[in-house]
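Working notes, beginning with the structure itself.
The values are calculated or read from the model by the stated rules, or taken from the named source; none is laboratory data. These figures come from a predicted structure and were not determined experimentally. Using ideal geometry, Cβ is built from the backbone for each residue, glycine included, and neighbour counts are taken over all protein chains shown.
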Amino acid sequence: MQITIMFYETDFEIQDIAKDIIAKLGLDYIDTEKILCIRSHGSKSRRTIARIHSLPKIMQAALNTKAFYVIEIISENFDKLSYEDKIKTLIHELMHIPKSFGGGFRGHGNFVTRKKVETSFKNYMIKNSSLSFSF
Ligand SMILES: [Zn+2]
């Protein structure tokens, strides 16, 4: 019998970078206090690099809170990426957050496309040229 142990930890560096992306790309509909970044370990998935989760509306009502979004970084797959691809991955996940910031998601369709990620990435890098991160 094989037992998979998943564990999760807050990744403050990724969280800071996500907040920086939100600020520099002007995604002002995103409440940066309600974006959490979690690094997961032990995933069996070879393809998934990151995922975005939210607190569903029913849970918001039950807990009397507003929406929260969690970007999950799959450590085994994310860490292999180049700096550029890590940033693009974060931009991609942030793009799934709708303007309403209500707990739902925008699908890939016309919203979250490779082209839009590339455009946002270029804009981010222009505004970010004086900074560097440790990864
Ligand atoms: Zn996606």
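Structure notes:
- Candidates L63, L94, L90, L25 - the one that is surrounded by 12 or more Cβ atoms within 10 Å (Cβ to Cβ) and over 13 Å from the mean Cα position of the chain (by Cα): L25
- Cβ-Cβ under 6 Å pairs, at least 6 apart or on other chains, segment 78-105 side in contact (Cβ under 8 Å) with a residue 12 or more places away in the chain, far side within 16 Å of the ligand (Cβ to nearest atom) and among the hydroxyl-bearing types (S, T, Y): I91/S120; I97/Y69; G103/S54
- In the set (1) assigned to a loop (DSSP other than H, G, I, E, B); (2) surrounded by 13 or more Cβ atoms within 10 Å (Cβ to Cβ); (3) touching a residue at least 40 places away in the same chain (Cβ under 8 Å), T48 fails one condition alone, (3).
- When L131 is tested against (1) at pLDDT below 95; (2) exposed (fewer than 12 other Cβ atoms within 10 Å of the Cβ); (3) farther than 24 Å from E33 by Cβ, only condition (3) is not met.
- Candidates T65, T10, T48, T32, filtered to the one that is farther than 26 Å from S120 by Cα and β-branched (V, I, T): T65
- Just one of the listed residues (K57, K66, K44, K80) is away from the ligand (no atom under 16 Å from the Cβ), touching a Gly at 6+ places or on another chain (Cβ under 6 Å) and farther than 17 Å from I21 by Cβ, and it is K57.
- In segment 87-117, the residues that are away from the ligand (no atom under 12 Å from the Cβ) and not polar (S, T, N, Q): I87, P98, K99, F101, G102, G103, G104, K115
- Taken as a whole, the condition of being farther than 22 Å from Y83 by Cβ, more than 10 Å from the chain's Cα centre (by Cα) and surrounded by 14 or more Cβ atoms within 10 Å (Cβ to Cβ) applies to S54.
- Looking at T65, T119, just one residue is part of a helix (DSSP H, G or I) and without any contact (Cβ under 8 Å) to a residue 24 or more places away in the chain, and that residue is T119.
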